[in-house]
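The values are calculated or read from the model by the stated rules, or taken from the named source; none is laboratory data. Values in this document were obtained by computation on a predicted structure and should not be read as measured data. With ideal geometry, Cβ positions are generated from the backbone for all residues, glycine too; neighbour counts draw on all protein chains shown.
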Amino acid sequence: MIIPAIDFAAGAVVQLIQGERLALRRDLDEVLDEFRDFPVLQIIDLDAAKNEGNNRKLVEKCCRAGHLVRVGGGIRTLERAREALESGAQQVILSSAIFQKETPNLAWLEQMQVLGREHLILGIDARQNQIAIHGWRTLLPITPEQAIAILEPYGDEFLYTHVDTEGLMQGIPLERIRELRARTARQLTVAGGIASMREIESLESMDCHCVLGMAIYTGQLDRQALLRHIHNFTSLPGAR
């Protein structure tokens, strides 16, 4: 599955390079129109992730746009996760809050199970092969492999972001993804610099979903070609 990313900061859709440098700023209505034929969208509130306010009204507008929506950014409590689901999101992405004590907070994850594991995506953001939290500003002495091994029972899906290549449109290390794919029976969704149809096909052959940011906004990956690929791929027997 190909999933466009909609990231919010300061009341607008943005794309950041390496989570810091602003590369583009867009109006939400225009973006939703461009992505209207994509079945799934990923929505991240970057301000909420950094504890610098929130863009909740814009997130909720995306949830009402008729797509299957996964929402992340600043989801630190059961109440906030439930609000996102009640606003129309199908899944919530848990990330920094998983590591509230610099190790996986299993008591908190147990509490979140009341929402149903099928609604929980576990964010594994990594820089220099260490888990990165708080808007990727803080590195923890935990590798993605270690995190996956501990977190496997607590969500239906892992979202892995390879921060080292995020926003650069220079590709994502496929062998690294292959190693992580072998570590989990859960769905693995991948983000961070995916820049070509060949990469998308390679990731799909590993049974990975692909989140696209800069490459789709800049036109390096053509939207219509991506939509044709989605149609052709989902038409294959056994595709999901």
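Some points to look at:
- If you go through region 77-104 and pick out every residue that is among the basic types (K, R) and at pLDDT 95 or above, you end up with 2.
- Residue check, R178 more than 23 Å from L85 (Cβ to Cβ) and at pLDDT 95 or above: yes
- Consider region 163-180 and keep the residues that are in contact (Cβ under 8 Å) with a residue 24 or more places away in the chain and in contact with a strand residue (DSSP E or B) (Cβ under 8 Å, 6 or more places away or on another chain). The one that is surrounded by the most Cβ atoms within 10 Å (Cβ to Cβ) is I172.
- Count of region 16-47 residues, restricted to those that are under 15 Å from the mean Cα position of the chain (by Cα) and within 13 Å of G73 (Cβ to Cβ), is 7.
- Annotation: of all residues in region 146-162 being touching a residue at least 60 places away in the same chain (Cβ under 8 Å) and surrounded by 16 or more Cβ atoms within 10 Å (Cβ to Cβ), the one that is farthest from Y217 (Cα to Cα) is G155.
- Positions within region 124-144 being on the phi < 0 side of the Ramachandran plot and either polar (S, T, N, Q) or touching a helix residue (DSSP H, G or I) at 6+ places or on another chain (Cβ under 7 Å) (or both), in sequence order: I124, D125, A126, R127, Q130, I131, A132, I133, T138, L140, T143, P144
- Any chance A107 is farther than 17 Å from V211 by Cα, over 17 Å from the mean Cα position of the chain (by Cα) and without any contact (Cβ under 8 Å) to a residue 60 or more places away in the chain: yes
- Qualifying positions in region 6-59 - aromatic (F, W, Y) and under 18 Å from G167 (Cα atoms): F8
- Condition met for Y160 (modelled with pLDDT of 95 or more and either under 28 Å from R198 (Cβ atoms) or within 15 Å of the chain's Cα centre (by Cα) (or both)): yes
- Residue list for region 1-46, filter: modelled with pLDDT of 95 or more, over 12 Å from C62 (Cβ atoms) and of a type in the set (D, E): D27, E30, D33, E34, D37
- Search result, residues across region 182-195 that are buried (at least 18 other Cβ atoms within 10 Å of the Cβ), within 22 Å of Q91 (Cα to Cα) and out of contact with any His (no Cβ under 6 Å at 6 or more places or on another chain): T184, R186, L188, V190, A191
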